[in-house]
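The values are calculated or read from the model by the stated rules, or taken from the named source; none is laboratory data. All of these numbers come straight from a predicted model, not from anything done at the bench. Backbone-built Cβ (ideal geometry, glycine too); neighbour counts: all protein chains shown.
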Amino acid sequence: MINEISINNQDAYQNFKNAPINKKNNPNFSGLPDAMLGAATSTLQFCNTNPMAGVSLIDMVTAIAPRTYVDAKTNGFAAAETFRRESSGLIVNCLIPGFIVLGVAKLLELFNKNNKGLAGMWANQDALETLKEHFNQSDKSAKGFVSRLFEDSKVLNGNQWKDLIPEKLETEITEFEKVIENNVKDKKVVAEARKNLYNKILKETGGAEHIKIHGKIYHDNISTLLRDAVDVGQKFIHDFGKDTAKIETFVKKATKFVNKKSLIGLAIVIPLAASMQSINRWITRKTSGQEGAPIYKDFGKGKQNDGMTSAQKSAFWTKKIAAAGLMVGTALLSMMKKPSVKMLQFTKNMPSMDQCRWIATATFASRMLASEDENELKEVTWRDIATFSSLYFLGDYVSKGVGTIIQKVKGVPLLNYMKEKPDNMNLLQKFVYWVKDTKLKSFDEANAIKASESVISGAKARNRRALCEISSLGFSMLILGILVPWYVRKETERKEQMKIKQKLKDLTTYPSLNLTSNKKTFQAFGMMLERQQKFK
């Protein structure tokens, strides 16, 4: 459900939002179904390209609201804890990491004059080295720099890597070059120049999400490349006088800075994420006046959970560590690559997919370690591994699967292929290729599909792209919001009822037990009968 496109495209949304309205790029709806699909498409495109609002809305619809509703049927304390848990996960995992990193950058800049001007830049090591290389290969003018960069770049559309030919982008590229050459700082002027060039590239190539520079896959999309070309290009020309030695020193310093601010930021965010469930449970204890997990129907009514012996506690901790290890293993498997420092470098005010994975892993593993009994541990393990899997690969598989079907059945080219598909692949190799090297096009790319490439117009292709997103959302809502929470809670209730039945059986069959003469035992017997009725 969360994917590279949705989490990395806040710049692209401005291009969509400010695009001129005309019949060619907007559907003409004639009926209510088409109008509803058009409204859904616009909303989903907004979510897909404006991550802050998009992630918040998606998480609210697929997890926060339905899970709170399901747990409200257990008791009010469970519902309140669930709402706090899911909301804090959204805020800490997704919304605030970039702002924390920006705050760290501002402080690093404030206390070290050598870092002046670096806090406002988001270019990472890959961007800095790529832009430095092409600037040094050019005549070191803005025109030469941009032309050299574009001459060496290709954009993916379907299974073709298309050249960025400067001559075909002449008007827009000239406007963009002037922003760099004249050291323009007006954000509106810079944004307009970037938007116009982005739209022109999209129109000429049909692609914007995947770039090759000098034959190597670039780490981000066209929007980010244009942003960094302005920020870094202006420094190369105006701050360093085109001096190669100064530029080299700057790139090394900026790389250290991006590593430092990113690692310090994550060193703040990850412990914060890991502490959220402990804080959440503390609030539950204070509001309910009771220890333990609020996963039982009689929670908050004075009944305390059975204590554990030292041996039971030791065995339980072993199970918790094993569950947390399973969570870490799932996260590493989802990355499909070796962890590196570059993976942790922030390039915008939203964390990347890999950064989200690291933060979410800390969040979910800490919930497992904070479990207070075996029922809660099983609930958390099932729920959070399912959540992680859906967010970081299963939801993407669903949307991409629907895109694959639409492309094959309807002839609408909604997929990009990062590598040429080898011949004679077996079934497993085909699946791996589909998972790793097949990507769903963005809404902008779908909207840019030309008549020569498809049986329908770009506007209708954008609606088909929306169906992929709707399928992913529906899957996540069904699995994460309804089925998993319902299943794990039903399992807890079933096991608790079996436990009560066994105790009742022991009380009624133990030969030496005299219920009428043992007041405490009789009261316990009555309480268990009452609890058994609640679980029915």
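A few remarks follow.
- Beta carbons closer than 7 Å, at least 6 apart along the sequence or on distinct chains, pair a first residue in the stretch 307-321 that is under 17 Å from E379 (Cα atoms) and in the same structural domain as A293 (by TED's automatic domain parsing) with a second that is surrounded by 12 or more Cβ atoms within 10 Å (Cβ to Cβ) and of a type in the set (S, T, Y) for K320/S371.
- In a residue-by-residue description of the stretch 292-303, the property of being surrounded by fewer than 13 Cβ atoms within 10 Å (Cβ to Cβ) and out of contact with any Cys (no Cβ under 7 Å at 6 or more places or on another chain) applies to at least one position.
- Pairs with Cβ under 7 Å, 6+ apart, first in the stretch 436-454 and under 17 Å from I201 (Cα atoms) and assigned by TED's automatic domain parsing to the domain that holds P422, second assigned to a helix (DSSP H, G or I) and β-branched (V, I, T): S442/I5; F443/T49
- Test: residue in the stretch 496-505 that is surrounded by 11 or more Cβ atoms within 10 Å (Cβ to Cβ), in a loop (DSSP other than H, G, I, E, B) and modelled with pLDDT under 75: no
- Any chance P27 is loosely packed, with under 14 Cβ neighbours inside 10 Å, at pLDDT below 70 and more than 27 Å from V189 (Cα to Cα): no
- Being within 19 Å of P351 (Cβ to Cβ), surrounded by fewer than 23 Cβ atoms within 10 Å (Cβ to Cβ) and in contact (Cβ under 8 Å) with a residue 24 or more places away in the chain holds for only one residue in L95, L57, and it is L95.
- Residue check for M52: within 30 Å of E291 (Cα to Cα) and assigned to a helix (DSSP H, G or I): no
- One residue stands out in the stretch 254-285 among those that are surrounded by fewer than 20 Cβ atoms within 10 Å (Cβ to Cβ), of a type in the set (K, R) and modelled with pLDDT of 95 or more: the one that is farthest from I100 (Cα to Cα), namely K256.
- Residue match in the stretch 459-475 (condition: closer than 30 Å to K378 by Cα, buried (at least 22 other Cβ atoms within 10 Å of the Cβ) and more than 27 Å from the chain's Cα centre (by Cα)): no
- Scanning the stretch 342-362 for residues that are crowded, with 20+ Cβ neighbours inside 10 Å and not in a helix (DSSP H, G or I) turns up Q345, F346, T347, K348, M350, P351, S352.
- For the stretch 363-399, the set of residues classified as surrounded by 22 or more Cβ atoms within 10 Å (Cβ to Cβ), in contact with a Leu (Cβ under 7 Å, 6 or more places away or on another chain) and among the hydrophobic types (A, V, I, L, M, F, W, C) consists of M368 only.
- Candidates G300, G292, G307, filtered to the one that is in contact with an Asp or Glu (Cβ under 6 Å, 6 or more places away or on another chain), farther than 20 Å from G89 by Cβ and in a loop (DSSP other than H, G, I, E, B): G292
- Qualifying residue in the stretch 178-195 (condition: under 17 Å from H214 (Cβ atoms), more than 28 Å from the chain's Cα centre (by Cα) and in the same structural domain as T249 (by TED's automatic domain parsing)): no
- Within the stretch 142-165, residues that are touching a residue at least 60 places away in the same chain (Cβ under 8 Å) and within 26 Å of I247 (Cα to Cα) reach partners that are among the charged types (D, E, K, R) and assigned to a helix (DSSP H, G or I) with beta carbons closer than 7 Å, at six or more positions or on different chains, in the pairs A142/E177; A142/E181; V146/E177.
- Residue in the stretch 243-253 that is out of contact with any Pro (no Cβ under 7 Å at 6 or more places or on another chain), buried (at least 20 other Cβ atoms within 10 Å of the Cβ), aromatic (F, W, Y) and more than 20 Å from P166 (Cα to Cα) present: yes
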